[in-house]
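This report refers to the structure that appears directly beneath it.
Please treat every number below as a calculation from the coordinates, not as lab data. In this text the structure is predicted, and so the values were computed from the model without any measurement. Note that each Cβ is placed from the backbone with ideal geometry, even for glycine, and that neighbours are counted across all protein chains shown.
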Amino acid sequence: MSTAAGLPGRISGFVQWFVRTPWPVFTLSQLQADIIGALLVLGFLRYGLPPEDRIELQKLPTLNLATFAGSIVLLFLIGTAISARLLVPVFRWQRRDGLLTDTDPTATALARSRALRTPFYRTVINLASWCIGGTIFIVASWPVAKHAAPVVAVATALGATATAIIGYLQSERVLRPVAVAALRGGLPENIRASGVIGRQMLAWALSTGVPVLTIVLAVVADKAEYLHGPPEKLLNPILLLALLALGIGLASTLLVAMSIADPLRQLRWALGEVQRGNYNAHMQIYDASELGLLQAGFNDMVRDLAERQRLRDLFGRYVGEDVARRALERGTELGGQERDVAVLFVDLVGSTKLASTRPPAEVVSMLNEFFRVVVDTVGRHGGFVNKFQGDAALAIFGAPIEHPDASGGALAAARELHDELLPVIGSAEFGIGVSSGRAIAGHIGALARFEYTVIGDPVNEAARLTELAKLEDGHVLASAVAVSGALDAEALCWDVAEVVALRGRTAPTQLARPLNLAAPEEAPREMSS
């Protein structure tokens, strides 16, 4: 009882789902193609022949007409039933929302194959129905058309050809949403649809081949004395067929042009999106033809570009945008070259004690904010942060990209960093050192793992100046050499002072301090020891 009670509900649910799919339009288009083919055959037999040879189907016995009409309806229903039987796996797959990752991969593969081959199946069913229906038509019309039975057979064959071509082209367009869903998982290897050349040939056969062949056969039939009317009576039928060819040619060419223009229009849109940096602009794959291969190839290309862009962005975040761009443009090799560079070193005070007294998440958040200020400030002045070392950062000016005033950029960044860091971490919790001179800049390491860095005395001097700056009220120190190498606009902002011996260096260093630094604000001093 429960099964019987649930059957009407299941049928109602299926009908409600079915009317929202392309299948009702597909069924109507099949009927439309059959009607068009039938009108072509009947119109030719009625108006495409001289008056003396026209076939007066209205003079057929009622039984013959009823038998023929009933057979046509029966053939259409049988063809529809066969199509529905072939499409049962597709219906089941679609009602599962078209998921390609189904628990039954065999059923999914069968559904995808049937969905993509439906236009071909429809063509075969149409031709078979017309072959049977044409035979019944010739037998039923024998009483009034026995004198022109070959003409009736040829006209029926041409009508079947027109119906099959129209049905195929309509099916491809009507079922495009189904094909898009079936191809969402990629192009099956064993399925190929008619390509551009095939569609153009179908359009030619429908718009030119069938009408012209009909005209030729009419002339041949007249020459072979199958027709009894005078030759001049063929002029009007030939004119009618020519006009028919113009109309059918326009419709078929439009269908084929739209099947080609739609994916090309979508490709143009997707290319524009990619040019604007949108790597999520994927194309829907319309069919399994070379146009579908083009769409699938474009999607693969965009996917690769997105992956490369992601890796490039990640690479740039690790080594700096300038280093990444230079590596991508010129390649990488171990070794370096001497460059005049300026080096800025900034280090926090008391972060070890803070890490032991505060939650790790809070320490990480504070360090991230500290490094954000460092990266932004250094970048504004034309340098790049080469590496992070615990709670310290090393910035380089003049490598790998040339800098018009490397020393001036580093000195200006140091003064600005002092002002920017005060609200973030307090007034006495960091030290900044700036140095300049000749150094080796390049890729250091092994072939399997290396990094871009700068090695030389300026780096060591900047690190020692940073240690000394932690003990200074202003927390910023530079070498007099760096100040002398800067342009006047920046050099005038520094005061050259005493000469000191820095730890680990034999040569003395003359210090320079910035003028007019911002006064420290009263702030919590969590990091002071």
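Overview of values
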| item | result |
| --- | --- |
| Computed label-point distance, nm, for sites F18 and R276 using a 7 Å Cα→Cβ extension | 4.3 |
| Sum of side-chain charges, F298 neighbourhood, beta-carbon under 12 Å (Lys, Arg +1; Asp, Glu -1) | -1 |
| Under 14 Å, Cβ to Cβ, from L60 - net charge with Lys/Arg +1 and Asp/Glu -1 | +3 |
| Evaluated at q = 0.13 Å⁻¹: base-10 log I(q)/I(0), Debye formula over Cα of segment 331-514 | -0.64 |
| Using a Förster distance of 22 Å, the FRET efficiency for L86-I35 (Cβ separation, nearest 0.05) | 0.45 |
| Extension reserve of the L235-E56 stretch, reckoned as 0.36 nm per residue once the Cα distance is removed | 62.4 nm |
| Net charge of neighbours whose Cβ lies under 15 Å from the Cβ of A160, counting Lys and Arg as +1 and Asp and Glu as -1 | 0 |
| Relative exposure of C493, C131, judged by other C-beta atoms within 10 Å (fewest first) | C131, C493 |
